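Below is one structure, written out as structure tokens; the observations come after it.
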Amino acid sequence: GQNIDQPTEMTATEGAIVQINCTYQTSGFNGLFWYQQHAGEAPTFLSYNVLDGLEEKGRFSSFLSRSKGYSYLLLKELQMKDSASYLCAVRDLTGRRALTFGSGTRLQVQP
Amino acid sequence: GAVVSQHPSWVICKSGTSVKIECRSLDFQATTMFWYRQFPKQSLMLMATSNEGSKATYEQGVEKDKFLINHASLTLSTLTVTSAHPEDSSFYICSARDLALTAQETQYFGPGTRLLVL
């Protein structure tokens, strides 16, 4: 099975940097995803890591350490519109390649 | 990017009725679609994996006779909530995996369907 942990809530200031951590324990690992979800909307894809290291995409970066079962999402130059839930998800090794989601981290960006 | 649509976006129904939700991949083919359910302030929980031309695979605890899934084509999957009850009220989200071989094989999510059973 899969067990994914991330903080429930975080608060940060506009213009600052915030790091959202995710730890996972899985019986099989085939990639880790980060999604952004605004209230009442479907998740939108942010990043994907399958190998160790940092993936950078504009203001967003994601890091993975497979040996530690650890990932983080780094958001730079925070904007008010970044207030949302951030979901960490792990893909399994089965043929269906389904995603198991963490409970999500609600980020509140303050002026 | 890839687009997935869901219909309807909102549905209110009486207890005991059945509700059908459609999920379509608009600009790509998807042999596999996933159905998730999300309760308020909770994360997405996978309900079932829908495979084109074959039976869906349901997660433990999800009643297959209550949540009927049909994946008749490479671009359409439907979820029917049969004999809906108030506890079935939730946000139902589908996602589709692009058939094209890509390294990340991103799942693209539909906009979701909010179901309220009275």
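The values are calculated or read from the model by the stated rules, or taken from the named source; none is laboratory data. These figures come from a predicted structure and were not determined experimentally. As a convention, Cβ positions derive from the backbone with ideal geometry for all residues, glycine included, and neighbour counts pool all protein chains shown. Please note that ligands, DNA and RNA were not included when accessible areas were found on the heavy atoms of the full protein model with its side chains. Shrake-Rupley method; radii C 1.70, N 1.55, O 1.52, S 1.80 Å.
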Any hit, the range B:79-91, residues being within 13 Å of the chain's Cα centre (by Cα) and open to solvent by 20 Å² or more (accessible area, probe 1.4 Å): yes
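Taking the stated definitions as given, is A:Leu64 under 11 Å from the mean Cα position of the chain (by Cα), among the hydrophobic types (A, V, I, L, M, F, W, C), more than 11 Å from chain B (Cβ to nearest Cβ) and open to solvent by 10 Å² or more (accessible area, probe 1.4 Å)? Talk me through it step by step, then tell me what you get.
Numbers: under 11 Å from the mean Cα position of the chain (by Cα): yes; among the hydrophobic types (A, V, I, L, M, F, W, C): yes; more than 11 Å from chain B (Cβ to nearest Cβ): yes; open to solvent by 10 Å² or more (accessible area, probe 1.4 Å): no.
Against the criterion (under 11 Å from the mean Cα position of the chain (by Cα), among the hydrophobic types (A, V, I, L, M, F, W, C), more than 11 Å from chain B (Cβ to nearest Cβ) and open to solvent by 10 Å² or more (accessible area, probe 1.4 Å)), A:Leu64 does not qualify.
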Candidates A:Glu77, A:Glu56 - the one that is open to solvent by 40 Å² or more (accessible area, probe 1.4 Å), in contact with a Lys or Arg (Cβ under 6 Å, 6 or more places away or on another chain), over 21 Å from B:Arg97 (Cα atoms) and away from every other protein chain (no Cβ under 14 Å): A:Glu77
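Please specify each residue of the range A:1-37 satisfying the condition of being part of a loop (DSSP other than H, G, I, E, B), within 11 Å of another protein chain (Cβ to nearest Cβ) and exposed (fewer than 13 other Cβ atoms within 10 Å of the Cβ). Give the derivation first.
Of the residues in the range A:1-37, the ones part of a loop (DSSP other than H, G, I, E, B) are A:1, A:6-8, A:14-17, A:27-31.
Add one more test, that the residue is within 11 Å of another protein chain (Cβ to nearest Cβ), and what stays is A:1, A:6, A:8, A:30-31.
If the condition is that a residue be part of a loop (DSSP other than H, G, I, E, B), within 11 Å of another protein chain (Cβ to nearest Cβ) and exposed (fewer than 13 other Cβ atoms within 10 Å of the Cβ), then A:Gly1, A:Thr8 are the ones that fit.
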The range A:85-111: number of residues that are at pLDDT 90 or above and either among the polar types (S, T, N, Q) or open to solvent by less than 10 Å² (accessible area, probe 1.4 Å) (or both): 14
Contacts under 6 angstrom Cβ, first residue in the range B:18-41 being under 17 Å from B:Ser90 (Cβ atoms), partner of a type in the set (Gly, Ala, Ser) and part of a strand (DSSP E or B), 6 or more apart: B:Cys23/B:Ser77; B:Phe34/B:Ser95; B:Trp35/B:Ala48; B:Arg37/B:Ser90; B:Phe39/B:Ser90
